[in-house]
Structures are given as structure tokens and as C-alpha cells.
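The values are calculated or read from the model by the stated rules, or taken from the named source; none is laboratory data. A quick note: this is a predicted structure, and the numbers were derived from the prediction, not measured. Note that each Cβ is placed from the backbone with ideal geometry, even for glycine, and that neighbours are counted across all protein chains shown.
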């Protein structure tokens, strides 16, 4: 065979082994740059691919064996075997030498990694041949290539050309295009193409096309549009499959329409489908996420009745939900039920159950489940370790770490942080420091969380200056605190009445780009209010809202109490109205503060009205609220109303304390009813309530005023015999009134 016949070798009989050689040389990808840098061949308007390939092969430095062509003649000087093998792909020569190219040959060429412009030129050149018509296969291959290159305008052009050529469309072609739209992140084009399938291309889509479109819309966070597509599908009479309902349920749950998603479950059977575990999993996960665990459990029971086996994720979701709301026993029962059903729990299942048990202070039960974990990991190890520490069982946590069965686990930074926090909670800062040193010796660098725990422990131990030293050391090594760490220091400074330093720390926090949160502002506002700088606190409160930080009940209660302490009830009530306007319900602290201020101002009836409002709103009233009202009534001489209020509260199940009786005793004495006061004093002793110094001082003082000096001395002597320790006020009363009749054994205790 001569070299000329070699050039004419038919394209469809190229050995497959030559294609990877061509790809290795990279000659087709270089074709695009060759076309841009030189003019097209006048004969056919195509670039010379072989020339590009030859340059690529030379650059690749392949070995050049001495080969001869089919005619037995020696190849041209400078041409190696690779270049000779590539010569049949020279499109210029192909145009000159071949009388035509078939669609089958064109498909084989288009599937090669040729760039888009060259592929389009080949397509147009082939289409210009006489008696040649592009087939569906050619269009499909080229559209796939254009879709991968995101050349969607060219895709539309080819679809129009297919219509002109009278080629029948297939659904698989449109599904392929839709997937390219999805990968390109243009979900709107998928819905347009779906409608065009009906209206333009006369290709009726099945559930497969709708599923692809809905999948893409959901992936691109367009759940409402996905549901519109779903309803359009049903309206057009297209039969959905189970996967269609699965996508629809996910879409509804993502827009918080869980009830609508649950109703879909009843519609599945109407369309001849049976719900599978994936559909149930979506619904159960959504219900558990919203705290509707009882409904989720019913769906689990329904699955079992219908013979649909639940998977590990479904059981884990329900177990996690039970643990979150404190129904630990039900979570443990479901775990056992899971094992009976032959569903193996994974590490996450064990993790949520162990965490839930530890949170409920059932650490010993959690340890039992830990021992049952087939392949424990460091995350579960840290969960168990945290359970011991959070429940104040630090020494058992230490034993857990040192146990032979757990020696395979190397403690990591998180493990050390848990143990350091346990030491700080116990107030054992020395042990915490030793753990930090051990951590560094093992090659673990303390992180921001480590230092935050350490600083918090120092602050709570009253070692604020030491905590500030640690903060300075962190700055020296370019390690900066997060919002939690700054909050620890700011709160400690405010509690220590070092408000200017707290504001300096706040400014430092802003300079570091750390955004203050509600806790930060609450600490600063509380510090200012303690320093009686309420106007400045109110200004900071307004700055807080302007910064976009949401105020909490604590914020409002601190400001309200500060105004009430200054008897500025009107300003306090204005803040109460603002608090309610922003959606905060008044709590027990707010009501008690307002009632106390109103009683102090003599407006007891308004305080009683507020108490009734408190009960109507469902806020629990404690003995503290009752004591505030009893004290207020006694102070304005309404002792009988106070006694009736106490009687009502006792019938409602409230137990009075010594503060209740002290207020009533003082009120009765002021009202001239000393004998009733003494009778009440005897009753409280029978009820097992121990009188305190205030009780005795009140009665002794009023007995002295009534001239009952011997009775006062006898009362004191009886109190001392039962363990009473008189204070300075007691002795002052005795000096002024009772010294002449006081027993001699008490004279040496009297103040000079």
C-alpha cells in the first residue's frame, strides 16, 4: 500500500488503539489555538489538525522508532511514527481525499475531545455535502458536547434545525439538556424547556422529565417552583412515580408546609404507587425537626404495618427528638426496638442516645450503651467524657480516660478542653493548668476554646487580673478571643464595678472585628445600671438596637428594675410596653419588680391588679410574689386583706416561708394586734418554720413599746435556748428598753 492510499484509509476502520495515542499527544485541543492564530484553509475552511499534532508530539519527546509506511518507502525526514499515525486525522486532507463522510463517521469524530468551534465547523461541513442528512445520533452527540460547554444558544439553534430537518424528538434528548442546565445553575431554563416540549417540539414528557426538572429546582433552592411543576404534571394527566412524591415531599417540607407534605402520603396510592422508606424518611425527619415526635412515631408504626422497613436514619431521627425533649426512656425503648427489628444502629444513633442520657444526668446508663458500641470513635469518646464532666463527676471522667479498654483513644484538643472545663467548674484551677501543660507536651496547641474555658474559670474564681494577663499573653502570640471569651471578661469587669475597663475591652473587641452579641450588651447595661448610670445604659440600649443586635428579656428587665429603684415608674412602664410590642411576654421577674415598686409607692391596688393579670397570662406565681403583696398590704394597714390573701394562697398549694410571717407579724403589731402576732408566732413554730432574728427583733421591739419588758426578755431567752444568735439591732432594743429587767448573764453582751 502506498502512502497515498494510506492517507485515504476509511475513517470508520481506524483501530481503537490509535485514539488514546491521539489523546496523549493533545493534538486536538491545540487545534483551537492553531485556528485562532492562522487563517483557515481555503479549500474547506478547516484548520490543519495534523500540523498542531506534530508540534505536540515533538514537544512530548516520545521515542522515535525507525518505521516505514505501507509502501515500504522511508517516511519524510523529521516525521516520526506518531505523526504518521495522526496524518489520517488531517481534516484538510480528509476534505480533499474523501468524497464524503457518513453520519456514523461524524459521530465518531464528534465524541473526541475536539473544541466547540471545530466541532461546529465539522458539523456544518458534513451537512453541506450532497445527499447528506444529519441523523438523530449526530444531533444528540453534538448537543451533549455543547451542553457540557454551556453553549445553550447553540443548543437552541440545533433543536430548531432538528425541527426543520423533520427529525423526531426523543425525551432522553431533552432530559440530557435539562441536566446540563442544572449543572450550569440555570434552573429557569429547565422549566422553559419542559413547557417547550409540550408546546414547541410536540414531545410529550413523562414522569422522568418532570422528576429531573423538580430535582434541579429543589437543588437550586426553588421549592415553590418545583411544586408548581408537580401540580402542572398532575393537571396534564402525567402519571407520577414514587420518586416524584419523594421530591414533592422534600419541597413542601423545605418551605415549612409539613402538613401538606403529610397529605401527599395519602395521595400516593391514588396514583397506583406505594410509599417507600425514602418518602417516610423525609416526612419523619421534618416532623422531628419541628418537635412533632409523636406524629413521627405514628408514621414509623405505619411503616412497620405496611411492611416498609425503616432504615437507621429514621430510627436515629426519632431517638434524637425524644432525647431533645427529655423523653429519654422512650428513646431507649425505641433503640431496643430498633435492634429487635434487625436494624443496626450506627455511630450517630449511639451518639445521640448517649448525649441525651448524659444531658438527663443518666451517665451510668450512657456508659452501658458506650460499652455496646461495636466500633467506638473519638467523637463518641468525647461525648461520654463530656457527660461525666457536665454532671460534676470529674474523677470518674479521669478514670474513664485511663481505663484499659479506652487506651486506644488518644485524647485530642476537644478531650482536653472537656477535662479543663471540668477542673474549672470544680474550682481546681491548678489541675486545669496542669492539663494545659500536658496538652502542650503532647503536641496539641491550646486553641481559642481552651483559652476561653481557662479565662472563664479564672473570672469565676475571682482571679480577674490573672484572666486579663492570660488575655494579654494570647495577644502576644497573635491569638484572639471570640465573642464568648470577650463576654467572660466584660461580664467579670462589670460585676467587679470596673465598668470603664469593660468598655475598653468592648472597644478592643470591635477593633478585632468580633461582633458583640446580646450577652455583651446585657453585661455592659447591667454594669452601668449598677453604677446608677441609667441614662448612659439607655443610650447603649439604643445603640444595641441600631447595631442590629436583638434585645432579650434580660435587657429589658435590667433597665426596668433600674428605673423602678429610682421610683421612675412611668419610664419603667414605657419600657414594659416596648417589651411587649417587640413580642416579649412579661415574666415572673418583670411582674415582681413592678408589683414591688407599686407597693413601695403605696399603689397596692394596682399591684394586686397586676398580680391578677400575671395569673391570667399563665405566669407562675411563687411565694415571692405573694410576699411582695402581703408586705405592701401590711404597710398600708390592710392586715386583714393580707391574712386573707395568705389563706387563699395556702389553699392553692403555696407554702408560706419566714419572710411571709415576718411581714404579717410586723403588720399585726403595727395594727395594735400584738396578741394575734404572738399567736401567729406560736403557729409558725408548730408548722416547722424556724423564726429568724428579724422575727424576734420585731416582737421584742413591739413588746417593749407596749411595756411588756419581762415578756420581751423571756422571749429573747427562749430564742437563745433554741439557737438564736442576737444581732446588733437586738441589743440596741434591749439597751434602750429592757436593760433594767434583763438577766445579768446578758449584760456583758450589751453595747457600751
Assuming residue 155 fulfils every condition listed in (1) closer than 28 Å to residue 112 by Cβ; (2) surrounded by fewer than 17 Cβ atoms within 10 Å (Cβ to Cβ) apart from one, which condition is it?
(2)
Check every one of the helices (runs of 4 or more DSSP H) wholly within the stretch 563-621 and list those with 1 or more residues that are without any contact (Cβ under 8 Å) to a residue 40 or more places away in the chain, under 23 Å from residue 535 (Cβ atoms) and out of contact with any helix residue (DSSP H, G or I) (no Cβ under 9 Å at 6 or more places or on another chain).
569-581
Check off (1) under 18 Å from residue 548 (Cα atoms); (2) surrounded by 15 or more Cβ atoms within 10 Å (Cβ to Cβ) for residue 513 and give me the number that stays unchecked.
(2)
Suppose we filter the stretch 518-551 for residues that are surrounded by 16 or more Cβ atoms within 10 Å (Cβ to Cβ) and assigned to a loop (DSSP other than H, G, I, E, B); how many remain?
3
Criterion: more than 13 Å from residue 193 (Cβ to Cβ) and surrounded by 14 or more Cβ atoms within 10 Å (Cβ to Cβ) - qualifying residue of 133, 141
141
What is the one condition in (1) under 20 Å from residue 560 (Cα atoms); (2) outside the structural domain of residue 573 (by TED's automatic domain parsing); (3) surrounded by fewer than 23 Cβ atoms within 10 Å (Cβ to Cβ) that residue 658 does not satisfy?
(1)
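If you scan the stretch 266-288, which residues turn out to be over 17 Å from residue 309 (Cα atoms) and surrounded by 17 or more Cβ atoms within 10 Å (Cβ to Cβ)?
The answer is 268, 286, 287, 288.
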Would you point out the residue of the stretch 475-505, among those that are touching a helix residue (DSSP H, G or I) at 6+ places or on another chain (Cβ under 6 Å) and free of Cβ contacts under 8 Å to residues at least 24 places away in the same chain, that is nearest to residue 520 (Cα to Cα)?
505
What tally of residues in the stretch 304-357 results from selecting those that are under 19 Å from residue 281 (Cα atoms) and outside any helix (DSSP H, G or I)?
12
If you check residue 274 against the conditions, is it touching a helix residue (DSSP H, G or I) at 6+ places or on another chain (Cβ under 8 Å) and more than 18 Å from residue 194 (Cβ to Cβ)?
yes
The one condition residue 321 fails out of (1) within 23 Å of the chain's Cα centre (by Cα); (2) within 21 Å of residue 224 (Cα to Cα); (3) surrounded by 20 or more Cβ atoms within 10 Å (Cβ to Cβ) is (2)
If you scan the stretch 271-301, which residues turn out to be outside any helix (DSSP H, G or I) and under 22 Å from residue 239 (Cα atoms)?
272, 273, 274, 275, 276
Please verify whether residue 734 is in a helix (DSSP H, G or I), at pLDDT 80 or above and crowded, with 16+ Cβ neighbours inside 10 Å, treating the condition exactly as stated.
no
